[in-house]
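Engineer: Got a structure here, written out as structure tokens. Questions coming.
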Amino acid sequence: MNVRRDVFQAIVDPTRRAILLLVASQAMTAGAIAANFDTARPTVSKHLQILTECELLKQEQKGREIYYNINAKKMKEVADFIEPFRQMWDDRFNKLESIMKNYKTT
């Protein structure tokens, strides 16, 4: 049974977000990624599997090693989805700041 993973369920986990931050700057092997965490390697492998299944990471075979790379296209889709919400909150905080300045005592 092939279950399609949801991107937002994948990034809700702090370890998976940390993995994404690690591989954002350079491709890394599973072992190199696992070395950054105080957890069992099979646990990190499961996180990598989830991130790969939802296409946030891509795998690239180089010799005997598999390197994990960030999938910029998929990350852009996530960012594009979140952007209207970020803009909405920016607008609300700007309005609140404006109101607070009116009540500011000097």
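Please treat every number below as a calculation from the coordinates, not as lab data. On a predicted model such as this, the values are computed, not experimentally measured, just so you know. Cβ sites come from the backbone with ideal geometry, for glycine too, and all protein chains shown count toward neighbours.
Engineer: Using R₀ = 25 Å, calculate the FRET efficiency as 1/(1 + (r/R₀)^6) where r is the Cβ-Cβ separation of residue 40 and residue 86; round to 0.05. Walk me through the numbers on the way to the answer.
Structural biologist: Numbers: r = 36 Å, r/R0 = 1.42.
Computed FRET efficiency for residue 40 and residue 86: 0.10.
Engineer: Could the peptides 53-65, 90-102, 22-34 be put in order, highest first, of the mean number of other beta-carbon atoms found within 10 Å of their residues? Display every interim value, and only then the final one.
Structural biologist: Numbers: 53-65: 13.9, 90-102: 9.3, 22-34: 15.5.
Sorting 53-65, 90-102, 22-34 by mean packing, highest first, produces 22-34, 53-65, 90-102.
Engineer: How tilted is helix 41-53 with respect to the longest principal axis of the chain? Cα atoms for both, answer in degrees (0 to 90, nearest 10).
Structural biologist: Value to nearest ten degrees: 70.
Engineer: If you fit an axis through the alpha-carbon atoms of helix 14-25 and take the longest principal axis of the Cα set of the chain, what angle between them do you get, 0 to 90°, nearest 10?
Structural biologist: With both axes taken from Cα atoms, the answer is about 80 degrees.
Engineer: Go ahead and estimate [θ] at 222 nm for the chain from helices alone: -39,500 (n - 2.57) per DSSP H run with n ≥ 4, summed, over the residue count, rounded to 500. Intermediate values should be presented prior to the final figure.
Structural biologist: Working: 5 runs with 67 residues, N = 106.
Helix-only estimate at 222 nm: -20000 deg cm²/dmol.
Engineer: Give the whole-number value, in cubic angstrom per residue, of the convex hull volume spanned by the C-alpha atoms of segment 46-106. Before the final figure, lay out each step's value.
Structural biologist: Values: hull volume 8.2 nm³, N = 61.
Spread over its residues, the Cα hull of segment 46-106 gives 135 Å³ apiece.
Engineer: Count the lysine pairs in the chain whose Cα atoms sit under 29 Å apart, keeping only pairs 8 or more residues apart in sequence or on different chains.
Structural biologist: 13
Engineer: Does anyone have the angle between helix 72-103 and the longest principal axis of the chain? Alpha-carbon axes, 0 to 90°, nearest 10?
Structural biologist: 20
Engineer: Consider all pairwise Cα distances in the chain and report the whole-number % of them above 20 Å. Please report the intermediate quantities before stating the final value.
Structural biologist: Numbers: 2821 of 5565 pairs.
Above the 20 Å cut-off, the chain has 51 percent of its Cα pairs.
Engineer: Ok, one more. Can you give the relative contact order of the chain as a percent, counting alpha carbon pairs under 8 Å and 6+ residues apart? Intermediate results must be reported in sequence, preceding the final value.
Structural biologist: Working: 80 pairs, mean separation 26.9, N = 106.
Here the relative contact order equals 25 percent.
Engineer: Let me ask you something else. If the chain between residue 98 and residue 7 were fully stretched, how many nm would it gain, using 0.36 nm times the residue separation less the Cα-Cα distance? Working shown, then result.
Structural biologist: Working: separation 91, 0.36 × 91 = 32.76 nm, distance 3.60 nm.
Full-extension gain reported as 29.2 nm.
Engineer: Still on this structure: Viscosity 1.567 mPa s, temperature 4 °C: what is the translational diffusion coefficient of segment 9-60 from Stokes-Einstein with a Kirkwood Rh over Cα pairs, rounded to a whole number of µm²/s? Working shown, then result.
Structural biologist: Working: Rh = 10.9 Å.
The diffusion coefficient I find is 119 µm²/s.
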